[in-house]
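These notes concern the structure reproduced below.
The values are calculated or read from the model by the stated rules, or taken from the named source; none is laboratory data. Fair warning: this is a prediction, and the values are worked out from it, not measured in the lab. Quick reminder, even Gly has a Cβ in these numbers, built from the backbone with ideal geometry, and neighbours come from all protein chains shown.
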Amino acid sequence: MSSTSAVTALVARPSADVLKICRAAVGRILNILALLLSVAWLPAEAQAEGAAALARAKKIVAGRCFLCHGMLGEAASELSPRLAGQNAQYIAKQLAKIQSGERESSAMRPMVGDLTFEDMRALGLYFSMQEVRGHVSADAQLIARGAAIYARGSAAAQVIACAGCHGANAHGSETLPRLAGQVAAYIVARLKNFGARRQLEGDAAMHDIAAKMVEQEIRAVAEYLSTLD
Ligand code: HEC
Ligand code: HEC
């Protein structure tokens, strides 16, 4: 190897590395640019989709649901459940179950007959976005009993803690219903229904749990949950 070619080799090697680094840097910058562009575009699209869904839901709610659930899902009376703050997927799933007849409800069945899958998803999104405020209760003793059952279950009745599934704050999850702020009378009715297995739908765990609970425990846990935000 001549001295010139040795020098060229020495110079060429770093320059190849520099090229590689430059190419990598340009690639990274292009990636970042592509990411920035997609980030700039996607939310606008998603936002438009979300706005369209909310408008679609609002129209349906104003047309019929508000009569019983209120325009903001706050429940128009003790007879209907609160939908405000309820988890979107859970709402859509219940509507589908009521439509198919899997969940029996003489009040709700005529309301869902013509709803499409998209309507159900839109309604879920709409109600999930509404604010919830806990109900006021004067019965501190009943609430304390309910809070204990919710957090730790009831050894006497061999009932496992509700918090294990519905969450410490009773906000539920994508698939589990929120119970915080729900109308107490609705929770009582639902638990009695689960317990009596009058309705075949619902989680098997809820049937077993509710069947073991006595009236006073059901009332206590319902009262407690209704006061949560
Ligand atoms: C005539 C009164 C009435 C109207 C109108 C009504 N609902 Fe209901 N809704 C009820 C009652 C009562 C229940 C409880 C049913 C049960 O447990 O069997 C209920 C239950 C529900 C549930 C299940 C809630 C849960 O926590 O499991 C959803 C979701 C729901 N309604 C959505 C709607 C939507 C959406 C509309 C409009 C398309 C609507 N409802 C119209 C009375 C009504
Ligand atoms: C093993 C998990 C699990 C435990 C523990 C549990 N739940 Fe549930 N619960 C569920 C599931 C799942 C559903 C939804 C069923 C469905 O999809 O219809 C549900 C539904 C409910 C509903 C109906 C909500 C609505 O909006 O209609 C009530 C009320 C309820 N649970 C109360 C309780 C209470 C009170 C306890 C404790 C005593 C409890 N749950 C413990 C899993 C659980």
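Can you tell me which of A185, A122, A180 is within 13 Å of ligand 1 (Cβ to nearest atom), under 27 Å from L72 (Cα atoms), outside any loop (DSSP other than H, G, I, E, B) and under 21 Å from the mean Cα position of the chain (by Cα)?
A122
Looking only at the stretch 149-170, count how many residues are aliphatic (A, V, I, L, M) and without any contact (Cβ under 8 Å) to a residue 24 or more places away in the chain.
6
Would you mention how many residues in the stretch 130-184 are more than 30 Å from A96 (Cα to Cα) and among the charged types (D, E, K, R)?
Result for the stretch 130-184: 3.
Just name the residue that is nearest to ligand 1 (Cβ to nearest atom) out of those in the stretch 75-92 that are surrounded by fewer than 21 Cβ atoms within 10 Å (Cβ to Cβ) and at pLDDT below 95.
Selected residue: L79.
Kindly indicate the residue of the stretch 188-229 that is hydroxyl-bearing (S, T, Y) and assigned to a helix (DSSP H, G or I) and also surrounded by the most Cβ atoms within 10 Å (Cβ to Cβ) among those meeting that condition.
The qualifying residue surrounded by the most Cβ atoms within 10 Å (Cβ to Cβ) is Y224.
In a loop (DSSP other than H, G, I, E, B), under 26 Å from I218 (Cα atoms) and without any contact (Cβ under 8 Å) to a residue 60 or more places away in the chain, is that true of E104?
So E104 does not fit the description; no.
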